[in-house]
1. Can you tell me how the stretch 57-200 classifies by the Cα gyration tensor, rounded, prolate or oblate, using a/c under 1.5 as the rounded cut?
2. Taking the chain as a Gaussian network, where each spring joins two C-alpha atoms under 10 Å apart, which residue of Phe359, Phe376, Phe157 fluctuates the most?
3. For a test of the definition: using alpha carbon positions, the gyration tensor, and the 1.5 limit on a/c, classify the stretch 1-136 as rounded, prolate or oblate.
4. Can you put Phe85, Phe362, Phe341 in order of Cβ neighbours within 10 angstrom, beginning with the fewest?
5. Using modelled amide H (1.01 Å from N, peptide plane; none on Pro or chain starts), what sits under 5 Å from the amide H of Gly298, excluding residues fewer than 5 places away?
6. Could you derive backbone 3J(HN,Hα) for the stretch 280-293 from the dihedral phi with the Karplus parameters 6.51, -1.76 and 1.60 (θ = phi - 60°), listing whole Hz in sequence and x where the residue is Gly or Pro?
7. Can you tell which of Pro132, Pro121, Pro331 shows the greatest fluctuation in a Gaussian network model of the chain with Cα springs below 10 Å?
8. Each residue of the stretch 85-94 in turn: what ³J(HN,Hα) in whole Hz from Karplus with 6.51, -1.76, 1.60 and θ = phi - 60°, glycine and Pro shown as x?
Amino acid sequence: MLFVIVTTVWWLGWMLLAQFSLTGINTPSTTATGLILLMLLFLNIGARVGKYFTPACSQYRAMDKGAFDRVHYLILALVTPIILFYFVRATNYLYLNGFQNYRMLVFGTKDAPSVLFGSGPVELLYYLSVYPLLLYSLFYSGIQFFRGRYLFFAWTFILLLLDAIMRMGRFNLYFVLFIFLLLSLHFKRWKSLLIIGVIMMSGVVAIGQFRDGDRGEQGVYERSKKFLVEYHTVGIAIFDQELRDSNSYLQQNRSYGRAMFGGVEQIVGLVARKLGFKDYSSYAQEIAYNMQFARVVGYNKHNDPLYYNAFSTMLYSMYLDARGWGFVVFPFLLGFAVALFYGGGHLLLATILSWAICFSLFQSQFESAVTWIVLFMASVYEYYCSKREGRRSPHAAASSGSSSFNAK
């Protein structure tokens, strides 16, 4: 239940902040607010039910999950030279051309390939192979860090930092901060959270300074306010805007589960197009296309319009799939799964799911193929850990001092 409580406080906090329109972003309607509250209600109901069905687990399962270190070392060894190569390419480009518009140029289009990756297929390959391995390593190494095994995390963090710099993205560092928040609560290690928090927030501000400095925005304070307030509330405003418009894409379409499982469909669509079905497109692609167009979501203190795009939250996906029922069924299943994994000693899966729910405040992580690849890798890891536990002899189990307990 701990992770579900954190998730509830996260969504509830940003929803309440959105009511005050601190930077001029439109406040959500009563309908949008009610749907968010409905989502949180059934997230917690699902968690309660999941807690009831959680089997007792051994202390061995809950604590000893470092059985496959060589596999994880191999993962890091594979991605390190690739990330180093692109980091060197990025620094060379920045040295020659400066930071202006670099963030936009990193993400290629059909007409203008990425200045970093050089072509669309290479960029897609990085997105579907290297980045999921790196993100999975973050979750795994974060857990191992709190068990006193620091090398995994140090190595992974350096690679994440290089990836963040070469793509001028702040969310890698935000992921680290959030994962440390969850795990600090679980392991009750507050000092680690404080140290990592200061480092990560400094990195977020520094990358924002380089990335947005050429846009004429007013100082570190204004950019920090934009990141901390606008970025966390604009997704709710965009959802509410589409909800109110009877002619919007959200109101004119229904996807029957294809949005919440959009990341899986992205992978299926990629395979389908390779097999000759050129016209196949996933709902995640259609949502992304619809969300690329900037819209006015409020007015700042100078009465200038605030334009935003791309913030299609989990709220958007659930409503597109099943209207109001989406805020009952999906949160119930997610709450059930998080509580079941957390109580059953599958901390890796519980952490990944909690992260996906919380960061779907910005853009639905369930529409991303990366999330599903990471979940698949974690499931394979947990499966082999369970098999290893099952092969242990009763004598070995007794000697390890394990005892049945419920991790709930």
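We did not get these values from a lab; they are worked out from the coordinates using the rules stated. A quick note: this is a predicted structure, and the numbers were derived from the prediction, not measured. So basically every Cβ, Gly included, is an ideal-geometry build from the backbone, and we count neighbours across all protein chains shown.
1. prolate
2. In this elastic network of the chain, the residue with the biggest mean-square fluctuation among Phe359, Phe376, Phe157 is Phe376.
3. Values: a/c = 3.03, a/b = 1.28, b/c = 2.37.
Oblate shape, in that a/c is at least 1.5 and b/c is the bigger or equal ratio.
4. Lowest count first: Phe85, Phe362, Phe341.
5. Counting only residues 5 or more places away or on other chains, the set is Asn26, Leu306.
6. Coupling constants for the stretch 280-293: 6, 9, 8, 5, 4, 5, 5, 5, 4, 5, 5, 8, 6, 8 Hz.
7. Result: Pro121 has the largest fluctuation of those listed.
8. In residue order, the calculated couplings are 4, 6, 5, 4, 4, 5, 5, 5, 5, 5 Hz.
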